[in-house]
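The values are calculated or read from the model by the stated rules, or taken from the named source; none is laboratory data. The structure displayed is predicted, hence computed values, not measured ones. Neighbour counts are summed over all protein chains in view; Cβ atoms, including those assigned to glycine, are modelled from backbone coordinates with ideal geometry.
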Amino acid sequence: MDTNRRQFMRTTGTAAIFGGLAPLHLLAADAPQPVRKGKTLVAVFLRGGIDGLNFVVPHGDPDYYKHRKAIAIPRPAGDPNTCRDLDGFFGLHPAAASLLPLFKDHRAVALQAVGYAENTRSHFEEQDTWETGVVGHSLSSDGWLNRHLASSSGHGSIRAVAIGGNLPRILRGRAPAYAIRGVADLGMPQMRGDAEAIRAALETAYCSKPAAGHGALAGLLSQTAAATLEGTRQLEAVAKQEYKPANGANYGKTGIALQFREAARLIKAGIGTEVIELDYGGWDTHNNQGGVNGGYANRLRELCDAMAAFTRDLGDAMRDVLVLTLSDFGRTVAENGTNGTDHGWANCMIALGGSLAKPAQPVLGEWPGLAPEKLQQKRDLRHTTDFRDVLAEAVSAHLGNPNTGIVIPNHECRRVGLV
């Protein structure tokens, strides 16, 4: 079996059973209820802490320009180098202009000032918190998307896929989840030797009925391994089919664009994939962040152009898809001495899809203001929306899983009006 397929087998939920990641309350849970058929959540983790103030720009807040002399995005003026107005107060960075039509058509919405009260500003701790949905005890927790899978039932054997090669924390736990670099990596031609003989050996070793006395864990392993093998069969079938984006969509060749292209391919295959995770790092902009132009702008353009191409490619199928961005934390309100921004507090999130609630405003959330006396610890954007409320609404209102107390434990969820 080649390296890619071994990687695939290792990064499914089969391996996670032995990792001690399955919480006891899930192992003892009642029979899970089915989620809505045909719905997909695409979670895009922007690792490093994206500067949300230069993404969804508060150009109507005069203090924004007082804090940022070198990297601020100019107010809308009909010029390509100014932000694209959304509602008279907020606007998009010009590098995000490809998303503007989606905002105007109510197929995109932003949430500003999203975070939580115990932010540590540590990449490692905050990524753990956002991926587990657990505050304070994340080291022993599974991912919130895996808890969604474990507390519900789906409509296919491949419910969750991470595109990028490694299974992220957000998908680790007792439920099967797959990590692939791309669909083509799992095609049958890559197997060495007799593919059917290899598969038969795996089925004999892992999928046969457990012997008496081996207990629930053996049964769970057998069930999960069977799902894994069925998943490989379905992905191999998808890999054999040539994929051509529809509706004139042009993804380009950037890494994030190719991930979105593979996500579209999985969704269109109709094999029951309801959760897709994408990773896009490089947002830790301490130095030379730039304003309208520069490294941040280039990376933002790649992200937004990829999201726009994905939406165009899926066309009407986007009515069943929700794309949601996440990140470690926001950045400091004031620029630093090297024309960058440091680890901050609240941030923005972007949502795309046809199931959005179509609010009157393109930016959700209470704006706390950027005046010095209104900042968190006199340096950061204060949070007014808890990130866990956004995650819970995506799972419950979009995917149809009512078990928000399991998916997001120890938190009283409030509606944010996203879906």
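Identify, from the list Arg172, Arg107, the residue that is touching a residue at least 24 places away in the same chain (Cβ under 8 Å) and surrounded by fewer than 23 Cβ atoms within 10 Å (Cβ to Cβ). Among Arg172, Arg107, only Arg107 is touching a residue at least 24 places away in the same chain (Cβ under 8 Å) and surrounded by fewer than 23 Cβ atoms within 10 Å (Cβ to Cβ). Residue check: is Ala334 closer than 27 Å to Lys66 by Cα, among the hydrophobic types (A, V, I, L, M, F, W, C) and surrounded by fewer than 16 Cβ atoms within 10 Å (Cβ to Cβ)? For Ala334, the condition - closer than 27 Å to Lys66 by Cα, among the hydrophobic types (A, V, I, L, M, F, W, C) and surrounded by fewer than 16 Cβ atoms within 10 Å (Cβ to Cβ) - is not met. For region 303-324, the criterion of being surrounded by 22 or more Cβ atoms within 10 Å (Cβ to Cβ) and of a type in the set (Ser, Thr, Tyr) is satisfied by at least one residue.
For first residues located in region 304-321 and at positive phi, partners that are modelled with pLDDT of 95 or more and of a type outside the set (S, T, N, Q) and lie 6+ apart or on another chain with Cβ distances below 7 Å form the pairs Gly315/Ala246. Within the bounds of region 346-368, is there any residue that is over 16 Å from Asp105 (Cα atoms), touching a helix residue (DSSP H, G or I) at 6+ places or on another chain (Cβ under 8 Å), surrounded by fewer than 20 Cβ atoms within 10 Å (Cβ to Cβ) and in contact (Cβ under 8 Å) with a residue 24 or more places away in the chain? There is at least one residue in region 346-368 that is over 16 Å from Asp105 (Cα atoms), touching a helix residue (DSSP H, G or I) at 6+ places or on another chain (Cβ under 8 Å), surrounded by fewer than 20 Cβ atoms within 10 Å (Cβ to Cβ) and in contact (Cβ under 8 Å) with a residue 24 or more places away in the chain. Among the residues making up region 126-158, a single one is free of Cβ contacts under 8 Å to residues at least 12 places away in the same chain and either within 19 Å of Glu274 (Cα to Cα) or in a loop (DSSP other than H, G, I, E, B) (or both): His137. At least 1 residues being modelled with pLDDT under 65 and over 17 Å from Leu352 (Cβ atoms) is the threshold, and among the helices (runs of 4 or more DSSP H) wholly inside region 196-315 those reaching it are 215-239.
Taking region 393-415 as the range and being in contact with a strand residue (DSSP E or B) (Cβ under 6 Å, 6 or more places away or on another chain) and within 15 Å of Lys358 (Cα to Cα) as the test, the residues that pass are Ala394, His398.
Taking the numbered list (1) farther than 21 Å from Arg47 by Cβ; (2) in contact with an Asp or Glu (Cβ under 8 Å, 6 or more places away or on another chain); (3) surrounded by 19 or more Cβ atoms within 10 Å (Cβ to Cβ) in turn, Leu266 passes all entries but (2).
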